[in-house]
Every structure is written in C-alpha cells, then in structure tokens.
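The next block holds one structure in the form of structure tokens; read it before the comments.
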Amino acid sequence: MDKNKLWKWLLLGFLVLWSITLVTPLDQKVKLGLDLKGGSSFVVEVDADDVAKKMVEDGKAESIETVDRSDLAKKIKEVQEVAVEVIRNRIDVLGTSEPEIYPEGDNRIVVRIPGADAETRAEAKSQMSRDAVLTFKLVDKESDLWTRELMVEGKVPHGFKMTGNGEFLIRDLEVSDAELDREFYEKLKKFGGKRADFMLMEEKLKDGSRVFRPTYVERRKQLGGDTVADAFVTYDQMTSVPKISLEFDSEGKKDFGKVTEKYGPKEDGSFRLLAIILDDKLYSAPRINEPIYSGRAEISGSFSVVEARQLVNVLRAGSLPGRVKIVEERTVAPTLGQDSINSGKMAIIYGGIGVLLFMALYYMLPGIIANLSLVFVLLLLPVGMVVSAGFLGVISGSLEGGAVSLPTLTLYGIAGIVLTVGMAVDANVLIFERMREEWKVGKSISGAINAGYNKAFSTILDANVTTLLTAIILFWQGSGPIRGFAVTLSAGILVSMFIVLVMTRLFFNTLADAKMIKSLKMASIPGLANASFDFIGKRKVAAVVSILVILGTWGLFVQKGDANLGVDFTGGSVITFEFDQKQDIETVRGALAEAGFGTANIAYQADLQGKEFLEVKIGASGEESEPALNAVKTLEGNYQDVKNDSVGSQIGAELKSKGIKAIIWALIGIIIYVSIRFEFAFAMGAITALAHDVLITIGIYCALGYELSMPIIAALLTIVGYSVNDTIVVFDRIREDLHLEKEKGKSYKEIANLSINQTLSRTVLTSFTTLLTVVMLLIFGGGAVQDFALALLIGILVGTYSSVFVATPVVLLWHKEEKVQ
C-alpha cells in the first residue's frame, strides 16, 4: 500500500475515533433540545421605554423624547448584560437542571429550561418578569387629608369600588386581572392630580377579606434596594403571617440609619410613615418610631408563604436595572418530547434501511460500498456538526454557534440527519452513473472508476456548495431549532462530500488494485437507459400547467389572507392539550368565550397512533393568553397543556421579515454562484425554477389547510438547495456536452434535450431515495415535523419537475436558434 492511501486510512480512523469520543457516553455528551427532552424556552426583551424613563429620572435627559438614541442603545446593552446574570441567579434557585441563559442580539435574552413542569414554568415566568426594584419613600404628610377628600367626592380609580365606610377600596370583579397591568399602576400614580404618587396598599381584614388602603407617597426616593445584602422569610409570632426580613450592607446601614433618624418622631408628637415599595407596589408603610442603626427592616403584607419565598428569591438574586418583557414562549411537555425521540428513531431506522436495501439491490457491489459510506457519514456526523457549528457561528457572529462543541440535538436536527441519509446518496448515484457510462465505452475497471469520479466532481461540488449556501443563510436568519437543522444539514453536506469523494474512492481503488472487482454490474430502470424523450418540445404545455397551478393555489392563498400564517408570523399562541375525557368543541368554545376568547380557533387532532389532542389558537400571547389556558384546564376531563407556542406580535413581524429575507438572500447567492460557474442565462434558469418551486410548494401546502411557520421557511430553503442541486446536475451535463466534438453543429435545444435524457436516470433515482427518507419523516416524524416533511415532499416532487421542464427552457430563451460551434 502506498503512503498516500495509508495516510487516508489513518485519517479516517482518527476522525471515527474523534467522532465516537464526542458522543460517548451518550447520556452525558448528547444534549437534547426542549422539543425532545421537554421544557420551556423564553425570549425576553429589554423594555426600551423603561430604560429611557430611568435615564430621565437619573437626569441624563429632560424627557423621554430628548433621550439620545445612541446613548439609549448603549444603556440597553448594559441592561441586557446585567439582566443575563440576574435572571441566571433567579432561575438557578428553582433547582432546574442545566438551564441555558444567554444574550441574543443587543436587547434580548434567551432562557431555556429543560424538563420544566407547569409549576416550575409558572414560577420561572414570575421570576423573570419581576424587576425586584426595592425603594423606600416617605408617605406624604397630606396623604390622609387627600384620600378623605377623594372619598367624600366619591372619586375612585377605575377597577376599584369604595367599601361601606369609605376607608378602603375593593376590587371591581368586572375588571379582569389582565387590565390591572404595569401600565395601569403607572397611570394610577397620577390619580387625584397631587404632587405625590397615588398608590394602593393591600391589607387583610379580620374577616379574611382583602381591601386596599389608598395612600399618597412622595416621589423622591429616600433609599434604594441595591444596598440590601440579604433577605429571608420570617413569621409574626402572634399571627404566623409571613414577613420578609431585610439586612443592609455597611453602606445601606448608614443610609437607613440616617433616614430613620431624620424622620423619626418629633417633639410635637408628629411622625412619618416609611413606604416600602417593590416593583411599584406598596407593600407596607410602617411608622418610624426611632432611628434604626442595625441595618434591618421588614416588609409585611398580605402575601402567602409561597409569594414571600418568591420575593426573597428575587431580592437575593438582585434587581433588574431595567424592565424586561417576555416576547416569546415555547413549551413542550416531557411526555411529548419522549414521543418525538421515539418518532425520530423510527424515521432514521426505516429511512436508513429503505435506502440501504435499494442501493444494494440496484447498484450491487458499488451499492454495498455506497452503503458502507453512508454508515461512515453517520459515524462522522458528530465531527461534522462540531466543525459546522463553529464555522457557522464565526461567519454569522453568533456566540451560541461559535462554541466549538457538539450542538444540542433537536427534532429538526433529527430531520436533518434523515435528510442527510437521502441526500448523501445523490453523490454516489452521480458517480455510479458516470462509472457505468465509462465502463460501457470499454475502459478498464480502474479507468472507469477514476473517470467516473473525475467527471462527477464538478457537479457534486456545485450542487453541494449551493445547498451549503442555503444552510448558511438558514443559520444566519434562523434561531433555536432552525439553527440546529442548519448545522445538521451543513454537517451532512461536508461529511458526505469527504466520505464520497475521498474515502469511497479509496475503497474502490483498493479493491480494484487487489483485482477484487471483476465488473461494474448495475441494474437499470427500463426505458431510461437510453432515454430520448422530447422534454423541450413539451415545455409550452408544462409552462401552462405550472402557471395554472400557481394562479389557482395562490388565488386561494390571497383569499385566505393571514389565515395562511401561523403564530410565528402573526403573533399569538397555539396551545395543545391532552385529556382523559373528551369534551365537545362547543363546550370548549363556551369556556373560552367566558374567558374573553370567543374567536379562538379550536380543533381536535390525532397522531399516527390515534391519540387525540386539542389545539387552541388565539391572538393573545404571554400573560394575556393565561386566561385561555386556565379556562380549558378547568374543563372536566383533566385537560393538561403539553405544548405551548406563544409569540409576541413584534417577534412575529420580525420572523416574517427574516423568512422573506432568507429566501431572497438564498436566491441572490445562487444567482451569483451559478453566474460565476456557468453563465448568466443558466443563473436565470435556476432562479426561475426556484421561484417556481417556492410558489407552488407554498400554494399547495396552504391550499391543503396548513399554516406557514419558521420551520416551513426552513423546509422551503432546503427545497431551494435541493432543487438547485437537481438543476445544476442537468446544467453541468449541458456544459459538458457543448464542448464535445461529436455534438458540433447541433442546436442548443437538441443539446439541452440530450443532457436532460442523459441525467434522467440519476434524477429519478436521487428523487426516489430522498423521497424515501422524507416519507419516513412524514409517517413517523409526528407533530410539526410531519408538516415540515409534507412541505419537503411537495417541494422535492415540484423541484424534480422544474429541473426538467422549467430551468432548461428558460436558459434556451438566451440561446433560441443558436447552434454549437
């Protein structure tokens, strides 16, 4: 064995060992995404308006309108950096395993909590939403006078009613909790038009009823909560009611001592009340009886033990320097995640077995070698994923992707692996068909092998580069699971190119040198071996068919309008429930209508095993969607939410913009690449075919009643890569045939038709093997992956059609009557 071959074998051995070490032991090295393991994912965003308001309070601008935009952007970035650590501290106390918390962009933070149940999820949302801004202010001297005036005049803020004696206020039950949000309490401060802030302090009376004491609090802050060193829950010795005890640091002790000394009881008997405010809510206003130098204080209020402990947690974790709001939430129950793992395994096993059997039966010995190469592709995929994640992270500037480690495996990552198996066959098919041609013209075994690889190289390179280009754009514009799919797809492309072009060739040459290959026997598809169909002659009929399909399906698309778009693009929530006892849709609709969601879309759906789920789609997201969730869970039949996708309207608009940009950038990239590698006419042919494929796939997919989402955009980009792959194989053969001496004098149309027929066998075989794996995804994928697989199925069929009937006829528009010179 020569040294060149020896080094290749050693390299393969090293890569296999490296790849195995990356994934063993599996339970420790392979991290599962939330869609497989179950859990919750949140995207929180720094509230720019709140940051601007605080800049005004700090004297950095006269009003919000005059805040410098560049200074605001810097401050938002600073708030984001601090908020990441504060949120991490708050989530850590929940005891969840390996939460992921990291910044995204300049103003957002991603929080992923694997395995989170409903209780943990609710507490996590509460912890993240709290500012935990603790302030100490003085109750205004005129507070009692002003509140009495309001009661005499009968002035009561919206959402509350006066009690019988007029001393307290009670909640107006006709006003929902959703209306009493932060903005409501911010406006409440101005009630009465006084120099102080109007606030309500909740109290619990002896009869157990809860009331609110109106109080006017000075706007000037006496002391902040940033000097609190510790907080813990204590209990009143007489009533056992929980309280929160605070301990200040050395600086806080001094400041607290000064405040209590300055505003302690006076000789004339007057005294002041110290308002203790947390997140703009007045919890208590104790009387300052004497100077307190010990640095200890108490917050008393009508909260439960659980609420007290939650407050302690956020106070210990520290306050957020600015408000954050949850703009996206996605939740998958652990049981549903396990179902996804099982479905993914089935898709990989059956898809892989189908491809392996077909290759062995059709291509015989070369097919067995191809199957061996597929095994090595899967073995080296972990190495490919590490390399791809690092590469994509660097070129996209993503810290998440830039880490050189094995990426988290998601359901879409499994889909990428299944698709890799199908697409890895393509290069082998190209080479084997070339080897067959060279063997037929009388070349030796070694000559046919080497000629097959050499002639197929440029086609394989062009086809894979364009697919890799779409994967890069997908990673750049996508996030979360979509990026996982892009990483897997990129890894599959890189690894399959290495195995097929280097190692499989090494296998063949080693066997040929040892005289172990006597012939290159392969099966063939009847009628395609020497095909001579007049595809170009049927181009006008095909054009009419395509136009009719596009007009018909897009007519329906326009008619349906926003109903074609999922919550990823419109904003809102899609909540999936499992249940023990099914309630009819009208009962569910009635419960949702009472909660204020009369226009909700409600449907029962069944998986492949026949298990039914209830899916509810509403326009609200985040906290606003909670009443709908609770309304269904109170129904008889033990309804429990197993999946929740909640997207804010701003995020939805951004995702829609990203999806459109991703497709446009992919098309531009392909125009540039194909123009460089071929000529502009070929680029126009490829782009027309791609536009045709995208339009028809979207049209048919939505006509079948499905909605567009970010995973479907991922599917469309995959279709773009696959379709251009198909098209480039034909273009490459046209380019080759144009330079053959025997084809001189023929028209461009004749050469094009010849090339399509020459590559027809490869087109059919590759489409079949890819469809085989996609069908397995469709059958076993489950849930959203089935939708993803359906879009791929439509796109692959349409892409195969367009590579024959659309791309090449468009090229001929630039070479109508031209003959080969």
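Descriptive notes on the structure:
- Output for the stretch 764-774, where each listed residue is in contact with a helix residue (DSSP H, G or I) (Cβ under 7 Å, 6 or more places away or on another chain) and surrounded by fewer than 19 Cβ atoms within 10 Å (Cβ to Cβ): L771
- The listed residues are G685, G669, and the only one of them that is open to solvent by less than 10 Å² (accessible area, probe 1.4 Å) and under 30 Å from V810 (Cβ atoms) turns out to be G685.
- When each of A543, A523, A529, A512 is tested for being of a type in the set (G, A, S), in a helix (DSSP H, G or I), more than 35 Å from the chain's Cα centre (by Cα) and modelled with pLDDT under 90, the lone residue that passes is A512.
- So Y604, is it open to solvent by 30 Å² or more (accessible area, probe 1.4 Å), touching a Leu at 6+ places or on another chain (Cβ under 7 Å) and free of Cβ contacts under 8 Å to residues at least 40 places away in the same chain: yes
- Pairing residues of the stretch 389-410 that are open to solvent by 40 Å² or more (accessible area, probe 1.4 Å) with residues that are part of a loop (DSSP other than H, G, I, E, B) and modelled with pLDDT under 75, at Cβ distances under 6 Å and at least 6 apart in sequence or on separate chains, gives T408/G33.
- Taking the stretch 531-583 as the range and being open to solvent by 80 Å² or more (accessible area, probe 1.4 Å) and polar (S, T, N, Q) as the test, the residues that pass are S532, Q559, Q581.
- T587 out of contact with any helix residue (DSSP H, G or I) (no Cβ under 8 Å at 6 or more places or on another chain), over 23 Å from E329 (Cβ atoms) and β-branched (V, I, T): yes
- Hits in the stretch 1-28 (condition: part of a loop (DSSP other than H, G, I, E, B) and either under 19 Å from L511 (Cβ atoms) or in contact with a Leu (Cβ under 7 Å, 6 or more places away or on another chain) (or both)): M1, D2
- Contact annotation: residue pairs with Cβ atoms under 6 Å, 6 or more positions apart or on different chains, pairing a residue in the stretch 207-223 that is over 12 Å from Y283 (Cα atoms) with a partner that is open to solvent by 80 Å² or more (accessible area, probe 1.4 Å), are R210/K204.
- Across the stretch 33-56, the qualifying residues are those that are at pLDDT 85 or above and in a helix (DSSP H, G or I), and the one among them that is most open to solvent (accessible area, probe 1.4 Å) is D49.
- Any hit, the stretch 622-631, residues being at pLDDT 80 or above, outside any helix (DSSP H, G or I) and surrounded by fewer than 19 Cβ atoms within 10 Å (Cβ to Cβ): no
- Evaluated against (1) free of Cβ contacts under 8 Å to residues at least 24 places away in the same chain; (2) surrounded by fewer than 19 Cβ atoms within 10 Å (Cβ to Cβ); (3) on the phi < 0 side of the Ramachandran plot, G59 falls short on exactly one condition, (3).
- Scan of the stretch 708-727 for residues that are of a type in the set (A, V, I, L, M) and open to solvent by less than 10 Å² (accessible area, probe 1.4 Å), ordered by number: I712, A714, A715, L716, L717, I719, V720, V724
- Filtered residue count, the stretch 260-278, keeping only those that are crowded, with 19+ Cβ neighbours inside 10 Å and in a helix (DSSP H, G or I): 1
- The residue pairs whose first member lies in the stretch 7-29 and is over 20 Å from L372 (Cα atoms), whose second member is open to solvent by less than 60 Å² (accessible area, probe 1.4 Å) and β-branched (V, I, T), and whose beta carbons are closer than 8 Å, counting only pairs six or more residues apart or on different chains, are L22/V383; L22/V386; V23/V30; K29/V23.
- Taken over the stretch 269-289, the criterion of being free of Cβ contacts under 8 Å to residues at least 12 places away in the same chain and on the phi < 0 side of the Ramachandran plot is satisfied by S270 alone.
- Per the listing V774, V730, the residue uniquely under 22 Å from the mean Cα position of the chain (by Cα) and under 23 Å from N464 (Cβ atoms) is V774.
- Yes/no for A789 being open to solvent by less than 10 Å² (accessible area, probe 1.4 Å) and either touching a strand residue (DSSP E or B) at 6+ places or on another chain (Cβ under 7 Å) or under 28 Å from L34 (Cβ atoms) (or both): yes
- Some residue of the stretch 81-91 being surrounded by fewer than 16 Cβ atoms within 10 Å (Cβ to Cβ) and not in a helix (DSSP H, G or I): no
The values are calculated or read from the model by the stated rules, or taken from the named source; none is laboratory data. Since we're looking at a predicted model, the values are computed, not measured. Because the Cβ atoms are built from the backbone with ideal geometry, glycine has one as well, and the counts that use them run over all protein chains shown. With ligands, DNA and RNA removed, areas are computed over all heavy atoms of the protein, side chains included. Shrake-Rupley method; radii C 1.70, N 1.55, O 1.52, S 1.80 Å.
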